[in-house]
């Protein structure tokens, strides 16, 4: 059983591993729970709302047994794509970096100010987790999965589709420049919910749900994606699990010349998604709890 006393002591989004939701939302995509305010660090959580095989017809729904995520926080700006969104939320022009909009971001440098950290303890959806580190030892995402007793956490049973699992993470304070006309920064995160393990490829519709706005070279089976056909950014917004960082328009108002301002969106590049989203066969660090997860 979960230690609910420990859960209550955890900050914010690890206060409950499973929360009830209305049946009308039971088929929702995996998302990120809350909008956050600029200049404030804290905790957020991915919301895992259903198992695999709900977008296609390959048999019964499969329970989620592991999850992986990739954030757009590489030091190399080429490993993220930044868009200035249109007034209707569609993708407009691309932006080279966030140096004109976010404090502490230098020209030609990526969005390293995101400050991603992990949360452990009784409030997490799965017992085991490992950060995904890049060559600079920066946390670019994480893998989380269930393990054997005493580290076990039950798979998220979604046959009934009556509950949401939370997978929490920590984020750092992000501040908009006073000279920027950006009013929101939408941080898009690539997420995979894994429902089977083994040596198969990622292109198995009842094995994984991949939550990001488009296919990549590795994750190219559209049956695992949130839509059946490639999206057209000129006419629709792609689905990404998104953490919106909202500008404090009272403490940090837009200049009148901004004409209401604009939203920005940043997402990880395909190369980073294909490198970090799979859960690899690996020898995990000494002291990592539970057994290795082989996707």
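Say whether the condition of being out of contact with any helix residue (DSSP H, G or I) (no Cβ under 7 Å at 6 or more places or on another chain), at pLDDT 65 or above, assigned to a strand (DSSP E or B) and under 30 Å from residue 260 (Cα atoms) is met by at least one residue in segment 188-203.
yes
Here is a yes/no grid of residues against (1) more than 26 Å from residue 31 (Cα to Cα); (2) at pLDDT 85 or above:
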| residue | (1), (2) |
| --- | --- |
| 239 | no, no |
| 242 | no, yes |
| 246 | no, yes |
| 250 | yes, yes |
| 256 | yes, yes |
| 276 | no, yes |
| 281 | yes, no |
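Farther than 24 Å from residue 50 by Cβ and either at pLDDT below 85 or surrounded by fewer than 15 Cβ atoms within 10 Å (Cβ to Cβ) (or both), is that true of residue 74?
Spelling it out, it is not the case that residue 74 is farther than 24 Å from residue 50 by Cβ and either at pLDDT below 85 or surrounded by fewer than 15 Cβ atoms within 10 Å (Cβ to Cβ) (or both).
Within segment 139-162, track down each residue that is at pLDDT 55 or above and in a strand (DSSP E or B).
139, 140, 141, 142, 143, 144, 145
The values are calculated or read from the model by the stated rules, or taken from the named source; none is laboratory data. Every value quoted in this text rests on a predicted model; they were computed, and no experiment measured them. Every residue, glycine among them, receives a Cβ derived from its backbone with ideal geometry; neighbour counts consider all protein chains shown.
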